[in-house]
1. Report the full-extension gain for the segment residue 155 to residue 2: residue separation times 0.36 nm, less the Cα-Cα distance, to one decimal in nm.
2. Taking springs between alpha-carbon atoms closer than 10 angstrom, which of 290, 251, 87 fluctuates most in the Gaussian network model of the chain?
3. Compute the angle between helix 227-238 and the longest alpha-carbon principal axis of the chain, please, reported from 0 to 90 degrees and rounded to the nearest 10.
4. With an 8 Å Cα cut-off and a minimum separation of 6 or more residues, compute the relative contact order for the chain in percent.
5. Within segment 127-160, find all residues whose amide N lies under 12 Å from a label point positioned 7 Å from the Cα of residue 243 along Cα-to-beta-carbon.
6. For helix 79-91, what angle does its Cα long axis make with the longest principal axis of the chain, in degrees from 0 to 90 and rounded to 10?
7. Helix 308-317 versus the longest principal axis of the chain: what angle, 0 to 90°, nearest 10, using Cα atoms?
8. With just the Cα atoms defining each centre, how far is segment 203-273 from segment 68-89? Give it in Å.
Ligand SMILES: Nc1ncnc2c1ncn2[C@@H]1O[C@H](COP(=O)(O)OP(=O)(O)O)[C@@H](O)[C@H]1O
Ligand SMILES: O=P(O)(O)OC[C@H]1O[C@](O)(COP(=O)(O)O)[C@@H](O)[C@@H]1O
């Protein structure tokens, strides 16, 4: 093995740059060459590949997004696109690859590994929707942005006495809403993993108002959706003025938190160490602050569930 490739795929996530930097510098430190693949699997198919050196990854650790850019690429799911990608790796003399992305990206990486191409995955997605790892890259930064937004909206909620629904990202996973709600002191958290009793929610809002609570913040995960319909229901059942804020892409970018920079650095270095040991077809993760690596199949087959203890705590603290 002489040249290690690195690519980012799927949605960007703060901390991806720290992981790219760690892959490049750890590999060079151990005497390897490194190639950067731009625009995920799309760039791979098109041969958008360039050698990277120590300087190429300078001044990026503090930046959101990904210096390698990213893409969602349907072609890579076809045999033709996949084979083209494999051919490009051979043409650019890349003999192993680190893929930074979410479960979709890992499926592509798994296929490469099954075709005999040494591939390692690093979980890069703000959603925290991968069960095998305690945290994915970008989750902590997204949470920080969400909690800051809750603080700002809470000011207005208190001043005007409004009920404020805040929709956050996470695809089918409620983690950003759940942990954001707990950290932001929300009155309610609505996640796709659980059915919500709107009547019960309205009773909580009315109870809060009766005891003089000025603000009412409801964290809604995008996997549940329909924030404006929910607003109408709450309005009619509580006679409150209900406002909706959809945070959207604000929570996907921005300066990565120290935790995401540290996690990206550790995961990038670990990915290279695994390749040096001849291990591949694995997803790097973190469990109890230790680096772990599971076979792609095992990692992808683990079902993510929400933390019932955290949900219950958020509910109790919102009485
Ligand atoms: N079954 C698959 N085989 C090959 N490539 C895949 C497969 N599933 C997803 N991919 C690739 O991974 C990319 C990113 O997946 P996506 O689900 O959009 O984001 P994420 O990796 O963040 O979950 C897709 O656009 C596609 O190029
Ligand atoms: O960028 P897009 O294609 O609009 O996708 C939005 C989705 O990307 C995310 O921000 C991150 O998800 P991925 O990691 O799968 O890219 C989700 O929370 C959201 O549902």
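1. So the extension gain works out to 49.5 nm.
2. 290
3. In the chain, helix 227-238 runs at an angle near 20 degrees to the longest axis.
4. Here the relative contact order equals 24 percent.
5. Residues 150-160 fall inside that zone.
6. 50
7. Approximately 30 degrees, to the nearest 10.
8. That distance is 34 Å.
Computed from the coordinates by the stated procedures, all read-outs in this text should not be read as laboratory data. Everything numeric in this text was worked out from a predicted model, so none of it was measured. Glycine gets a Cβ as well: all are built from the backbone with ideal geometry, and neighbour counts include every protein chain shown.
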